[in-house]
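One structure is given below, encoded as C-alpha cells.
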Amino acid sequence: MGGRAASLKMRPRSAVPDEAVESISWRMPTFKLGTEPLFFFTGTKRHIGFYPTSDAIAHFSTELAAYGTTEHAIQLRHDATLPTELMREIIAWRLQQLPSDRV
C-alpha cells in the first residue's frame, strides 16, 4: 500500500473503536465493526478513494463540495492535504448509523 493510502488508514484509525477489525472486502482494505463495514479505501494512480457509504456522502455533501465524489466514493487527490478532521466526522457519523443488532 502506498504512503498516502497508508496515511489514510492510520489517520482515522483513532476514530475507529478498538474492537473494529481490518479486513479486505470488495478487494479493498476495510474497517468493520461486527459485520458492518465502516469504510473502505484504496489508492489509485490519480487519487485515494475513501468509501464511507453513499448515505455518508449524501449527509456530508456540503462539506465534500471541494472534493471529487461519486455516489459511493470520495476522491482525495494525491496533491491535496488529506481532510483528516472531516474523515473523523464522517466515521463518527457512520458509527451512529450502525444498527446495534449488527455490531
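Some notes on this structure:
- Note on residue 36 and residue 55: the model spin-label points, each 7 Å out from Cα along the C-beta direction, lie 0.7 nm apart.
- Here the gap between residue 25 and residue 71, fully extended at 0.36 nm per residue and compared with their Cα-Cα distance, gives a gain of 14.7 nm.
- Relative to one another, the C-alpha centroids of region 55-100 and region 11-40 are positioned 15 Å apart.
- Where labels lie 7 Å past Cα in the beta-carbon direction, separation of residue 85 and residue 44 in nm: 2.8 nm
Taken together, the values in this text are just the output of simple stated rules run on the coordinates, not laboratory data. Bear in mind the structure is a predicted one, so any value in this text is a computation, not a measurement. All Cβ positions, glycine included, derive from the backbone under ideal geometry; neighbour counts span all protein chains shown.
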